[in-house]
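Data first, discussion second: the structure below is written as structure tokens.
The values are calculated or read from the model by the stated rules, or taken from the named source; none is laboratory data. These numbers were taken from a predicted model, which means no experiment stands behind them. Please note: Cβ atoms are built from the backbone with ideal geometry, for glycine as well, and neighbour counts cover all protein chains shown.
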Amino acid sequence: MEAIKVMKRYELKYLMDKKQTAALRKALKGHMQIDAYGLTTIASLYYDTPDARLVRASLEKPEYKEKLRLRSYGLATESSPVYLELKRKAEGIVYKRRIEATLPQVQAFMAGTDALAGDAQIRKELAYFRDFYQNLEPACLVLYDRRAYCEREGDLRLTIDERPRYRMEDLSLTHSLEGIPLLGEGWCILEIKVQGAMPLWLSAALSQAEIYKTSFSKYGEAFQREALKENNGLIMTAPKIIGAA
């Protein structure tokens, strides 16, 4: 994981129910394999301004958007590796920069110090983002159980995120991997990540299982749900939980 520092690719998102997920997994056999990490619980802590400037801008679906998050694989400790990621999307292409650190190093960096090690250019971009927004703070913790698939040869990567959930309180990567469900029972999120065109066999598999591309932001969905609660149902644009009764 630490070898991946800079990424540039297309990321396509889909929502799948149990039947669609089973059909896709069957279609993947012979084309892709589960990566060496197997099933992994991922925790992503999103930073935002007190007025939620970043997520509000993202929900408007602009041509350019950006976010900052801190990611751990499973529960973190004070000394285990975590990954501070700057993710930008422009005209459909996703650019991601990330650097490995520890929780104390990230906390010191977010407080304004130059506490990070690693690639100088990535550190510079992270610092510029932090200083530009000035008052970033932890805003939402998103968690999910991920199976990642990769081609035996090629750059195609596919992930299936099960049990996506979130917390707006207890925003710690060290305490718990539980949260409020983002989707209904059995629903999951498919992400296809590729640098070029999608292979024909995968396009055919998606079409046959009636799996269609959608726009879905885990942090954005969590933010809208909490806004709906706070406004006693007056915000009609917040979507329902997919698959909920």
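What is the one condition in (1) in a helix (DSSP H, G or I); (2) under 30 Å from ALA204 (Cα atoms); (3) of a type outside the set (D, E, K, R) that VAL106 does not satisfy?
Of everything listed in (1) in a helix (DSSP H, G or I); (2) under 30 Å from ALA204 (Cα atoms); (3) of a type outside the set (D, E, K, R), VAL106 misses just condition (2).
Exactly one condition in (1) over 21 Å from LYS18 (Cα atoms); (2) at pLDDT 95 or above is not met by GLU162; state its number.
(1)
A quick yes/no check of all residues on (1) in contact with a strand residue (DSSP E or B) (Cβ under 9 Å, 6 or more places away or on another chain); (2) buried (at least 20 other Cβ atoms within 10 Å of the Cβ); (3) among the acidic types (Asp, Glu):
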site	(1), (2), (3)
LEU171	yes, no, no
LEU182	yes, yes, no
GLU185	no, no, yes
GLN195	yes, no, no
PRO199	yes, no, no
THR214	yes, no, no
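So how many residues does segment 45-66 have that are in contact (Cβ under 8 Å) with a residue 60 or more places away in the chain and in contact with an Asp or Glu (Cβ under 8 Å, 6 or more places away or on another chain)?
Total satisfying the criteria: 6.
Give the residue that is farthest from the chain's Cα centre (by Cα), with candidates limited to residues of segment 41-65 that are modelled with pLDDT under 95 and in a strand (DSSP E or B).
TYR64
Which of the following residues is under 17 Å from SER172 (Cβ atoms) and more than 19 Å from the chain's Cα centre (by Cα): GLU125, GLU137, GLU78?
GLU78
Modelled with pLDDT of 95 or more, on the phi > 0 side of the Ramachandran plot and in a strand (DSSP E or B): is that true of ARG146 in this structure?
In short, no.
Any chance segment 117-129 includes a residue that's part of a strand (DSSP E or B) and surrounded by 16 or more Cβ atoms within 10 Å (Cβ to Cβ)? Write out each step before concluding.
Within segment 117-129, the subset part of a strand (DSSP E or B) is none.
No, segment 117-129 contains no residue that is part of a strand (DSSP E or B) and surrounded by 16 or more Cβ atoms within 10 Å (Cβ to Cβ).
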